[in-house]
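Since the structure comes first, as structure tokens, the remarks are kept for the end.
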Amino acid sequence: ATIMTVAHNALPRVLQRFHADHPAIRVRVLDDVGPKAVEFVADGDAEFGIALEAGDRPHIDYDPIVEDGYILACHRDHPLARRRRVRWKDLAEHSYISMGPETGNQIRLVRALEEDGLLPRPAYEVQHLSTMMGLLSHGLGVTAVPRLSVAGRPMGDLVFRPLVEPAVSRYIGIVQVAGKTLSPAADALRTIAVDELRSMAEARPDAA
């Protein structure tokens, strides 16, 4: 099970490596919002998951792997594209695209920004990163995305800039049932996932 922002960018690399080592093993991917990814693991539908937290589930272990900062994404013709970095309060002047309230990313941003009044009011709300990228590519607004969700991918007309004051990040980790041993295949996949996420996180910050 995995959050959608990891499924969008990091997971293809993970599965490519896994398939090279284990071509006969079939992999079932359950990609959904963060709380749902944890639920898949808790209910036994997935052996392990990639998520932002375990939530209120004491029988689920959460092992943080990498820190992933949020960056600005916008069309290359947007006025903010000309800046080297962008403050959160600057986004209030532009059409903002947000993820849905049940997504792990939106939950994280609400926690970090809402109390100080820095969370932009959305002009558009979407549920999937691919939809968000489509709106951005047509110049319909700006948004904040986790760097690892776009790092190393060609994004056509989109550009990315650091978001500051404050710098906000999330942690990506592995969730699995406490005390339960993974199957050999799942353990091998988990090892590759951890290695790939760490490798992407250690890449140059401007790789996005």
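When shorter helices are ignored and each DSSP H run of at least 4 residues is given -39500 (n - 2.57), the per-residue value for the chain at 222 nm works out to -9500 deg cm²/dmol.
Across the stretch 77-89, coupling constants 3J(HN,Hα) worked out from phi with the 6.51/-1.76/1.60 Karplus curve, θ = phi - 60°, read 8, 6, x, 5, 5, 7, 8, 7, 8, 10, 8, 4, 5 Hz, and Gly and Pro carry x. Distances between placed amide hydrogens fall under 5 Å for Ile65 paired with Ile172, Gly173, Ile174, all partners being 5 or more residues away or on another chain. Would you grab the residues whose amide H sits under 5 Å from the one on Leu30? Only those 5+ places off in sequence or on another chain, please, with H modelled 1.01 Å from N. For Leu30, whose amide H was placed from the backbone, the distant partners under 5 Å are Thr2. Is the C-alpha gyration tensor of the stretch 87-201 telling us rounded, prolate or oblate? Criteria: a/c under 1.5 is rounded; beyond that, a/b larger than b/c is prolate, otherwise oblate. Prolate.
Annotation: extensible slack from Arg13 through Ala123 equals 36.3 nm (criterion: 0.36 nm per residue apart, minus Cα-Cα distance).
Of all the C-alpha pairs in the stretch 1-118, what % are more than 22 Å from each other? Roughly 48 percent, rounded to a whole number. In the distance distribution for the stretch 76-149, Cα-Cα pairs more than 17 Å apart total 43 percent.
Which length gain, in nm to one decimal place, applies between Leu182 and Ser199 when the Cα-Cα distance is subtracted from 0.36 nm times their residue separation?
3.8 nm
Size of the chain: Rg and Dmax of its alpha carbons, in Å, are 17.3, 52.
Find how much the distance from Thr131 to Arg84 grows on full extension, using 0.36 nm per residue of separation minus their present alpha carbon separation; answer in nm with one decimal.
14.3 nm
Look at where the Cα atoms of the stretch 143-189 and of the stretch 60-113 average out, and the two centres are 13 Å apart.
Read-outs throughout are calculated quantities, based only on the coordinates presented, and are distinct from any laboratory measurement. In this text, all values refer to a predicted model and were calculated from it rather than measured experimentally.
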